[in-house]
Amino acid sequence: MEQFEPDRLSAAQLAAMRRSLTSGRGALTRRSLLRASGAGALTLGGLAALTACGIPPAKREGGQAAPSDDHSEQEKEINFSNWTEYMDTSDDEKSRPTLDAFTKRTGIEVKYTEDINDNVEFFGKIRPQLAAGQDTGRDLIVVTDWLAARIIRLGWAQKLDPSHLPNAYANLIPQFRNPDWDPGRAHSYPWTGIDTVIAYNAKATGGKKVDSVTQLLDDPTLKGRVGFLTEMRDTVGMTLLDQGKDPAKFTTADYDAAIGRLQKGVDTKQIRRFTGNDYTADLDKGDLAACIAWAGDVIQLQAGNPDIKYAIPAAGYITSSDNLLVPAKARHKANAEKLIDYYYEPAVAAQLAAFISYVCPVDGVKDELARIKPELADNPLIVPDKEMAAKAHAFRSLTSEEETAYEEKFAKLIGA
């Protein structure tokens, strides 16, 4: 396989990664407890290691991992690496019902490891083996879309066999079917979706609904009580949509216009601050009247505070995903494909969704979920309806040069 020299990360890119790891997408609710108890030290250590060697740039042309010897027939096992709190467990936390049922049905043992604390640190862990054309010891991994894109473009993910994935092919909901970084889902399938919405505290807004970025930036009754995220793709993506631009096709001029729009909000003190997921405490108390927020956080806040509301702007919202990949040289590709397909059975997907409360990418899950947790089945933040799905937009992939330039502009905006 062709080798690629790593590129250096700019100071702005490193700062963006640190923000993501400690309080951004890399520290969403399912991961917060681990970070608070010391995982942050690991993530920063992993980041330091990557700082020294750099992260390989994405290839301009799609890469393709060479087929590896598959031992699935002889070895009935799968090594599955995932994030913490991203799998259903029994009430006593001693078993994982859906994984146990898979083993009972297929005879395939799943060695399930929660060894992903953040994307950057995990990539630092597996990169040496991938770059050397060696088995990572993992047959299935879950990584966020930007890292999935990088691994695929470097030729370090195996192409999936559609004949092994009838449920996945049939039941993947349309909004996740064709990302620009993996057209047609040749190498990946989503584990969950992550939606970015507008959240507001109805008590703090005097009962007023807040449902657009324009309102966040221009409504005088919200001045000094508005929050945006320190994640560039979410904040700029939502602003691009509000300006009538497509986050999947925007130009540098469009990006600069969005930054300028946000800068005005900073200069006029309409924006109180840019935050990671620490916005939740301020929104709960009403110190922030309204903000850009992650749907998973909103669901959890609503459980304890009936004043917390959310809105999907008419212009649309930003969505991303965590994704299942089979690394190059994995020993049990066919077994891994069976497990991917298993989680695209609606009844199985419903069990998972009921436990983790993230966007379920499986069509037909609503009726199954209604039998387990009816309140989740009717929540479009878990099961997107047609109206919500039609408003979903992904932020396009960036070249290394764009990512450096855009992160530097964003860092200047938020004072990072």
All positions within region 330-357 that are under 16 Å from E109 (Cα atoms) and not in a helix (DSSP H, G or I): A330, R331, H332, Y343
Mind checking which residues of region 185-202 are modelled with pLDDT under 95 and either within 16 Å of V326 (Cα to Cα) or among the acidic types (D, E) (or both)? D195
Considering residues of region 206-224 that are β-branched (V, I, T) and open to solvent by 20 Å² or more (accessible area, probe 1.4 Å) only, the residue farthest from the chain's Cα centre (by Cα): T221
Out of (1) surrounded by fewer than 18 Cβ atoms within 10 Å (Cβ to Cβ); (2) closer than 18 Å to N82 by Cα; (3) among the acidic types (D, E), the one E401 does not meet is (2)
Is it the case that E403 is of a type in the set (D, E), part of a helix (DSSP H, G or I) and touching a residue at least 12 places away in the same chain (Cβ under 8 Å)? yes
Is there any pair with a first residue in region 372-395 that is in contact (Cβ under 8 Å) with a residue 60 or more places away in the chain and a second that is assigned to a helix (DSSP H, G or I) and surrounded by fewer than 17 Cβ atoms within 10 Å (Cβ to Cβ) whose Cβ atoms are under 7 Å apart and which are 6 or more apart or on different chains, and what are they? A389/P174
Per the filter on region 93-120, residues free of Cβ contacts under 8 Å to residues at least 12 places away in the same chain, part of a loop (DSSP other than H, G, I, E, B) and open to solvent by 50 Å² or more (accessible area, probe 1.4 Å) are E93, K94
Take region 369-378 and flag every residue that is over 15 Å from G296 (Cβ atoms) and surrounded by 17 or more Cβ atoms within 10 Å (Cβ to Cβ). L369, A377
Could you check region 70-92 and list, in sequence order, the residues that are in a strand (DSSP E or B) and under 18 Å from V143 (Cβ atoms)? I78, N79, F80, S81, N82, W83
Is there a residue being closer than 19 Å to H393 by Cα, within 20 Å of the chain's Cα centre (by Cα) and open to solvent by 40 Å² or more (accessible area, probe 1.4 Å) anywhere in region 162-175? yes
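Listed here are the residues, each with its yes/no results for (1) small (G, A, S); (2) outside the structural domain of D135 (by the TED database).
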position	(1), (2)
N335	no, no
A354	yes, yes
D363	no, yes
L376	no, yes
I382	no, yes
A389	yes, yes
T404	no, yes
E407	no, yes
F410	no, yes
If we scan region 138-145, do we find a residue that is β-branched (V, I, T), within 20 Å of the chain's Cα centre (by Cα), at pLDDT below 95 and open to solvent by less than 30 Å² (accessible area, probe 1.4 Å)? yes
Would you mind listing the helices (runs of 4 or more DSSP H) fully within region 207-319 where at least 3 residues are modelled with pLDDT of 95 or more? 213-218, 232-242, 252-267, 279-285
Within region 379-398, restricting to residues that are assigned to a helix (DSSP H, G or I) and among the small types (G, A, S), the one that is surrounded by the fewest Cβ atoms within 10 Å (Cβ to Cβ) is A390
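The values are calculated or read from the model by the stated rules, or taken from the named source; none is laboratory data. No experiment lies behind these values; they were computed from the predicted model shown. Ideal geometry is used to build each Cβ from the backbone, glycine not excepted, and the neighbour counts take in all protein chains shown. Please note that ligands, DNA and RNA were not included when accessible areas were found on the heavy atoms of the full protein model with its side chains. Shrake-Rupley method; radii C 1.70, N 1.55, O 1.52, S 1.80 Å.
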